[in-house]
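First comes the structure, then the notes that go with it.
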Amino acid sequence: MPCLRSLAWLGLMSFAWGGLAASAGCGPVTYLSRVTFGSTGDITELRATNAPKMAPYEWTAATEYHRRAMELAGYARFHDANNFAKNAQKNAANAKKVRDRRNKNNELPIYDPADKGIFITKDGAVKRRSSLEFDNEKPPGLDNEKPPMTRDDDAAKGLGKGGK
């Protein structure tokens, strides 16, 4: 009977150690799925579709969270790396939404108050006015232009017919 107990004990211990080893591997496995296959692909897609210009704040947050996740994984801090990767994925999703909305509505990414051709709509979108709507400037010299000189103007200046 003692032999049977030792075998049962050995089986229980090997099961416990196996479970412990499997749970220790969850951090890197989750990291691989979130960072290597998740946020890296999202960021690559955003880079290819002009998101750095159309959603600069969300793009920056996603790339910085992604960079920090990879850095922490380099120190084997997989729990923290996974949290940063999760934030990177959230910001990448937000960047996709903002990019799509701005592309759909033909919006500009940033409002510049110095540019008179840009305005903010009631919905909060930044748009550019047509040049016909805001460009009321006349070409330089039109208002100051004098008519060509006539014979009377020449005589008034004393040039006469001969020119001198």
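Considering only the other residues whose Cβ falls under 12 Å of the Cβ of Tyr65, what net charge follows from Lys and Arg at +1 and Asp and Glu at -1? That sum, taken over residues with Cβ under 12 Å, equals 0. Considering only the other residues whose Cβ falls under 12 Å of the Cβ of Arg102, what net charge follows from Lys and Arg at +1 and Asp and Glu at -1? The answer is +3. Shape class of segment 26-104 from the Cα gyration tensor (axes a ≥ b ≥ c, square roots of the eigenvalues): prolate, since a/c reaches 1.5 or more and a/b is larger than b/c.
Past the 31 Å Cα-Cα mark, which pairs from Lys86/Lys122; Lys90/Lys122; Lys53/Lys122; Lys96/Lys122?
Among Lys86/Lys122; Lys90/Lys122; Lys53/Lys122; Lys96/Lys122, the Cα-Cα distance tops 31 Å for Lys86/Lys122.
Let me make sure I get this right: for segment 63-112, a, b and c are the square roots of the gyration tensor eigenvalues over alpha carbons, sorted descending. Under 1.5 in a/c it's rounded, otherwise prolate if a/b > b/c, else oblate. Which is it? The shape class here is prolate.
Computed from the coordinates by the stated procedures, all read-outs in this text should not be read as laboratory data. Everything numeric here is computed off the predicted structure, so don't read it as measured data. Note that each Cβ is placed from the backbone with ideal geometry, even for glycine, and that neighbours are counted across all protein chains shown.
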